[in-house]
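Take a look at the structure below.
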Amino acid sequence: SNMATMMTIAMAMPAGAPRATATSSSGVTGFKVTARGTPVSLNVCARPVASRAQSLQVVAANKMTRPNLDDESIQMFKTGPNDTGSSSLQIALLTKRIESLTEHLLINKKDYACQRGLRILLGQRSRLMKYLMKKDRAEYVRVMNGLNLRIKSA
């Protein structure tokens, strides 16, 4: 039945009619499409590169950013001036990201991709906290108190 409908559509069009041709008039780019024997013009607005870049900047400004290592609230979790990846610092950075995602999800309840990302971050932070608890209990307690998180008993 699909072939029969395709054949009737093909027969309804004139033999020399182009199916889609690009046209340009007064700087506006568009396509002229022939559907069922009648020409239909679809105007496709070609945005200049500058306005496209500007619209992308607006999106980037609204996007949640990762916390900065130079932030004052993060400084207390560093083990030294060049620390960029100790467990306590990673837990603090993950906590900041989790807080921003939680705020986002309060507004956008059906953002399921964000929910998945939040669950992944929670699991990662949980594993780091478990490791830090085994390695250095005093540091674990200090980090948990600094971030106002619950201290799990081992």
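We did not get these values from a lab; they are worked out from the coordinates using the rules stated. Being a predicted model, the structure only gives us computed values, none of them experimental. No Cβ is skipped: glycine too gets one built from the backbone with ideal geometry, and neighbour counts run over all protein chains shown.
The distance from the alpha carbon centre of the range 114-136 to that of the range 78-110 is 11 Å, rounded to a whole number.
For K130, the aspartates and glutamates whose Cα comes closer than 18 Å to its Cα, not counting residues fewer than 8 places off in the same chain, are E139.
All other residues whose Cβ lies under 13 angstrom from that of L105 are scored, Lys and Arg at +1 and Asp and Glu at -1, for a net of +2. When the range 72-145 is described by a simple charge dipole with +1 on each Lys and Arg Cβ and -1 on each Asp and Glu Cβ, the residue from L94, L122, T84 located farthest towards its positive end is L122.
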